Amino acid sequence: MDQQRITLFFPVVSRKKTTPAARSHFLNLPSNLRRRIYQEAGVISGMTISMNYWGIRKRPDLRHKGSDDHLSEIDYPPLPLSLFAVCRSINDDVSQIFYSENQFIITRRAYKGLRVLERFSDSVLSKFRSLIIRLSLASCISSCCGDIDHDARERRCGNGFSSCSRPSNHDAPLNHTSSSDERVISQWMKICARFSEGIQPGKLSLYITCDCAEHQTADMIIAPLLALPVLENCALRLARECDEELQNMAKTTVLSLTGRSDAQAVQPFRFLNLPKEIQLNILQHTGLVYSGEGSETVCTQSHMRFGGYCPANGSAHSSFSPPSRLLNDSWNLKCFCRASHSAFSFSCDSCETLGFPLALFLVNRQFREAAIEVFYSSNQFALDMLGKEHPSSTAARADHNLSIVPTLHRFPEYALGFLTSIKLDFHTSNLDLFQPDQSGWKAWLSTVQVLLEGANLAILSLELRFREKCYEAYPDEEFDNGYKDRIWEIYQNFIRPVASLHGLKNFYVHLNWACTIGFPGVGVLDGREELEGKLETMVMGDGYDAWKCGKVVRMEGHLRGAY
């Protein structure tokens, strides 16, 4: 039997040639359809891309990225590099999406360094819209690590002050006297020369971190930058530590690169000749008043922390928003806080007012009196009411020696009459401290007496905030009657002295039972609001509703086992 040909078992495919008019040319498709196809093919947008790693075929194991703080920058899908080589038209399409709708980051210390920046053509450079360059980073990429004893009070960027566990990840500050750093500066000059020829004026946002050892090195970094066209946005950091001269150099450079200038100086006038009401109104808009998020001035026995942290947490930009989608990884743009580093960015323009405005109290006596009134009447003061009874003794260092302390006595007597908001914090406390037989009880009675004698109760809102340590429970647990009776007795004893503050404007109580989480306008739902209301009416009288008088839910809290 003859064997049949295999082609007989398959249908015949027509090989009729199509006419040129019937062909569908990809480049004739509308641009939005081509864009969808490019995206399906793997062209990404709205991401931060590391130039140090984008071309390698075998990527480092991200499970070990803790050993190198730059590996986290390459966590994105593989790039479809073959699309760039199809033809010139498709290359233009893909390049426009890729370079203009992503944020790029390059680190000198990472793989291949800065070499890729020297190889871009003018047409590619003109498409860039956001670029982060790390010439020298003397800290970790996500935190401002350093000496906690030295930096904790000065730095206000909010990015942590703890000592770094991997200091080998830090760059040494750039120094022109080093032969290796001389080569870096030479390479930087070549890169800036390429940028000055290729980038499009008014389109690029450029963020540069270059921690320098001294001013001459900073000058050598700045000089080639000034040849660049006008930038859309810019941030520059010249040192991890805060140096006033370097900070001014960074500010002047950024303003020059973005085509902006300092606000024109206001003509001087006789401030003290103005009516008192106008003087106070003007001072309300100075650094005397801190009105940022969580705007509380925290006071301990020995220190007042005024002004809070950088509202942008040191980020040079809150988000990068290409047409395709929103990107919010502002941690890559840290840290350019001018209150903490020798840096300048437009996102933290209010950082100059952080910190205590000492200069305003040193003008003259009349100006100082107005400043005192505004400072104490317009800020909210949170006082830490727990401390060590005998700080010098060895035994006092144990937790069980914590006691109520007379923190309010640290305020000047002349200031008490201006206070409008006082929040007394009894955090991480043992409820037994609130009993009349405890050593801190006299200090508590003394604190109430100070308010009674010195404060203007008609304008004062007093808030007590508790966080119990010994009588914890999960919010969803049912409390037995014994627990409720005991806590009610303890708080009644503690609140009774406050009832002597007749005429108090507002009184709020926050009980923290393991976690103070609630809903604005609703309150907390674990039963504590009933006790809070009873304690508040003990002071303010029947019918008082704290929620209608400005009380707000405290969202922060803690869980059992966190100690």
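FYI, it's all coordinate maths here, none of it is from the lab. The shown structure was predicted, so the numbers you read here are calculated from the model rather than taken from an experiment. Please note: Cβ atoms are built from the backbone with ideal geometry, for glycine as well, and neighbour counts cover all protein chains shown.
Positive contributions from Lys and Arg (+1) and negative ones from Asp and Glu (-1), summed over other residues with Cβ under 12 Å from the Cβ of ARG129, come out at 0. When VAL448, VAL498 are arranged by Cβ crowding within 10 Å, least crowded first, meaning fewest neighbours, the order is VAL448, VAL498. Net charge within 14 Å of LEU231 by Cβ-Cβ distance, Lys/Arg positive one each and Asp/Glu negative one each, not counting LEU231 itself? Every neighbour counted, the sum reads +2. So, R0 is 41 Å and r is the distance between the beta-carbons of VAL363 and THR537; what FRET efficiency does that work out to, to 0.05? For VAL363 and THR537, the calculated efficiency is 0.35. The base-10 log of I(q)/I(0) for the stretch 76-118, evaluated at q = 0.21 Å⁻¹, reads -0.86 [Debye formula, identical scatterers on Cα atoms, solvent excluded].
As a rough footprinting exposure proxy, the listed residues VAL450, VAL94, VAL509 were ranked by other beta carbons within 10 Å of their own, and the order from fewest upward is VAL450, VAL94, VAL509. Projecting label points 7 angstrom from Cα along Cα→Cβ for MET304 and HIS25 puts them 7.5 nm apart. Counting charges near ILE90 (Lys, Arg +1; Asp, Glu -1) among other residues having Cβ under 13 Å from its Cβ returns a value of +1.
Subtracting the Cα-Cα distance of LYS276 and ASP545 from 0.36 nm times their residue separation leaves 93.3 nm of extension gain. Distance between the 7 Å Cα→Cβ label points at LYS203 and LEU81: 2.5 nm. Listed from fewest to most Cβ neighbours within 10 Å, the set ASP425, ASP545 follows the order ASP545, ASP425. FRET efficiency for the pair ASN248 and HIS285, taken as 1/(1 + (r/R0)^6) with r the Cβ-Cβ distance and R0 = 30 Å, rounds to 0.80.
In this simple spin-label approximation, SER89 and ALA227 carry label points 7 Å from Cα along the Cα→Cβ vector, and these lie 3.8 nm apart.
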